[in-house]
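To start, the structure itself, in structure tokens.
The values are calculated or read from the model by the stated rules, or taken from the named source; none is laboratory data. From a predicted model like this one, the values you see are computed outputs, not experimental measurements. Reconstructed Cβ throughout: ideal geometry from the backbone, glycine too, with neighbour counts over all protein chains shown.
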Amino acid sequence: MRIRGLRAWCTARGRGQFALTLTTVVMLTCACGALVVLPNFALPEIRAAQPASAQSLGQAAADDPRLATVRRILEPFGAIDTERIATGDGQESLVVGHGNGQAEMAVLGDELPRAVAAVTELWGPRWPRSAMIVVAGNASEFAALVRAGSLLPGEVAAVTVTDPFAPGTMPTGQRVVFSPDAGARLTPDQLRTLLRHELTHVATRAVTVDGAARWMLEGFAEYAAHRARGHRFGDIAPTVAARIRAGELPTGLPADADFAGSRAAETYESAWSACAFVAEKYGEADLVELYRAIAAGPADSVAQDRMLREVLGTDTAEFVTRWREWLSAQPR
Ligand SMILES: [Zn+2]
């Protein structure tokens, strides 16, 4: 399997204990230009993982074609553990790693069935509903798994890789790769959130074009990641909450450029809040419809304004006004 198209999706969390920035790496592979946007986490101690509801590696898993490339990359670095996870409707997901990733593998494997079900509940059943999850054992392996060409910054938490695919077809070869440091930097709950975020990108990839407006791509993934989990506004979006307390409300939708650099954490939070606003005020069906419209591109403001009119019956200015009103009313 040759991976030519590579997209890394990122989760940025700005909770108090996080020090977060985003790094952008541009990769050119074959005929495809691919943009990799990577999250930067600086997080506290590792916590005990929960036992996975996984089976040990069996012949069926060993023969799974999805494993071929991953096994080639992982084998030079030591013995491989593979867990097969039933993720509903006869689908089977794989969690792969080495012995030093057992704690993360256990958390991810345990969460996978719930995460797949949760993403399906929001997005619908038209995605593979299975996933290849790989926990990298070291920095070299991590870079190889995502075909980065060089070592990734140590703050990168996870990258999702996709084979190139024709529009209108279902992507294949998708895998979510967790960095060797993710387990040490994320609490189990944060690891579960990151898994759901990445799985949302996997589920929506078939209808998402490169260059679509990132506030919708990342905001939707964040909305799916936190949905129905009892997370409070102030926990999900602490920076935005602080801005609101200071009387500062957004004057427009998050700009693509702000998903990297010093404003990244706040921008992710803001994107989440825009999607949470749509879900609450218009309904999740309209949020999904809006995602499908905006993710199909282009990202320019004229097209976005047209899509907001078509799906929500509002123009951008009115949308931002209502979003600001909703933000002002949120418990913080
Ligand atoms: Zn993302």
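Some observations on this one:
- Here PRO113 does not qualify as assigned by TED's automatic domain parsing to the domain that holds ALA157 and either charged (D, E, K, R) or over 25 Å from ALA225 (Cβ atoms) (or both).
- Residue in the stretch 272-282 that is part of a loop (DSSP other than H, G, I, E, B), under 25 Å from the mean Cα position of the chain (by Cα), under 28 Å from VAL202 (Cα atoms) and modelled with pLDDT of 95 or more present: yes
- ALA299, sole failed condition from (1) under 26 Å from GLY313 (Cβ atoms); (2) at pLDDT 95 or above: (2)
- Any chance LEU217 is in contact with a His (Cβ under 8 Å, 6 or more places away or on another chain) and among the aliphatic types (A, V, I, L, M): yes
- Which listed residue is in a loop (DSSP other than H, G, I, E, B) and within 16 Å of the ligand (Cβ to nearest atom), from PRO171, PRO167: PRO171
- THR239 being over 20 Å from ALA212 (Cα atoms) and assigned to a helix (DSSP H, G or I): yes
- Of ALA241, ALA225, ALA255, ALA237, all but one fail to be hydrophobic (A, V, I, L, M, F, W, C) and closer than 24 Å to VAL116 by Cβ; the exception is ALA225.
- Selection within the stretch 193-211 - surrounded by fewer than 21 Cβ atoms within 10 Å (Cβ to Cβ) and more than 13 Å from TRP123 (Cα to Cα): VAL209, ASP210, GLY211
- Residues in the stretch 164-192 that are surrounded by fewer than 16 Cβ atoms within 10 Å (Cβ to Cβ), in contact (Cβ under 8 Å) with a residue 60 or more places away in the chain and farther than 14 Å from TRP127 by Cβ: ALA184 alone.
- Residue tally, condition among the hydroxyl-bearing types (Ser, Thr, Tyr), more than 11 Å from the ligand (Cβ to nearest atom) and assigned to a helix (DSSP H, G or I), over the stretch 180-230: 2
- Pair list, Cβ under 6 Å, 6 or more apart: the stretch 253-276 residue of a type in the set (D, E, K, R), other residue in a helix (DSSP H, G or I): ASP256/ARG214; ASP258/THR267; GLU266/THR239; GLU269/THR239; GLU269/VAL240
- Condition met for VAL134 (in contact with a Gly (Cβ under 7 Å, 6 or more places away or on another chain), crowded, with 24+ Cβ neighbours inside 10 Å and not in a helix (DSSP H, G or I)): yes
- When VAL116, VAL107 are checked against the criterion of being under 22 Å from VAL288 (Cα atoms), in contact (Cβ under 8 Å) with a residue 24 or more places away in the chain and in a helix (DSSP H, G or I), VAL116 stands alone in meeting it.
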